[in-house]
Amino acid sequence: MTKSRLRRALLISLTAVSCMLFQLVSAHAFGLSDLSSSAETAKSAAEGTSLLSKAKKVYSGFYDSTENLIDAQTATMSLINPTRHANAVAELGSINSESGVSKLFKMVAFSESMDSTTQGMDLTGRLTAILTDPASLEKAKGIYNNASGAYTSGSKSIIEAKTLYQEIKNFIASPSSKGLSESLLSGLGSYSDKILPFIIEHGPARVKTAAGIADAFKGFL
C-alpha cells in the first residue's frame, strides 16, 4: 500500500471514529438532559403535593373550628333562649345532610346568623342569673372549652390560609408547574380560588365570636 493510500485510509478511519464519538457524546448529553428534566418535574410534583396537603390541613382545621364554635353557640342559646335553640337544632339538621366544602359554607353562614341573636346583649349579665347550680356550671365549662378551642384553631387556620394562598398562587403561575398532572393543579386551584379566600374573608369574624363567648363563660369557671 502506498503512503497516500495509507494516509487516506487513516483519515477515513479517524473520521469514522470521530462520528461515533460525536454520536455517543450527543446521546449521553441528551440522556443527562432528559434525566435532569425528569428530576425537575418530580421535584415540582412533590412541592405541589406538599402544598395541597397543607391546604387540606388548613381546611380541616377551620372546619373543626367552625363545628366547635357552633356547638358553643347552640349550647349558649339553649341557656338564654330555648325557643331559638330549638329552631337552631332543626336548621342544623338540614346542614348536616351536606358534605365537604358546601357544608362548611353553610355552617359558617349558620354561625353568622347566630351572632345576631346575642348582638347587643349583656351575655355575662344573662349568664349570672342562669349559671347557679353545678349542672349549669358544668355545661358552662363545656361551652368555654368549645369556644376557646374554636378561637385557637380558627386563628391558626387564618394565619396559615393567608400564607398558603400566596404560596399556591405563586406555584401555579411559575414555569415549574407546567407539565404537572391536571388533577394536582385543579386541586390547588380550588383551594387558592375558593376555599382559602373564604377562610381569609369569613374566619376573623368567627374567631371574634368564639373569643367573645369564651370570655363570657370564663368568669364562671
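Every read-out reported here was derived from the displayed coordinates using simple, explicitly stated rules and does not represent laboratory data. Predicted model, so just to flag it, every value in this text is computed and none were measured. Positions of Cβ are generated from backbone atoms using ideal geometry, with glycine treated the same way; all protein chains shown enter the neighbour counts.
Residue by residue, segment 121-129 carries 3J(HN,Hα) couplings of 8, 7, 4, 4, x, 5, 5, 4, 7 Hz when phi is fed to the Karplus relation 6.51 cos²θ - 1.76 cosθ + 1.60 (θ = phi - 60°); x denotes Gly or Pro. Kirkwood radius and radius of gyration were both taken over the C-alpha atoms of segment 85-150, and their ratio Rg/Rh is 1.04. Which length gain, in nm to one decimal place, applies between Ala129 and Lys218 when the Cα-Cα distance is subtracted from 0.36 nm times their residue separation? That works out to 30.5 nm of additional length. With a cut-off of 17 Å, note down the residues of segment 95-137 whose backbone N falls inside the zone around a label point 7 Å from the Cα of Asn87 toward its beta carbon. Hits in segment 95-137 for Asn87 at 17 Å: 95, 109-121.
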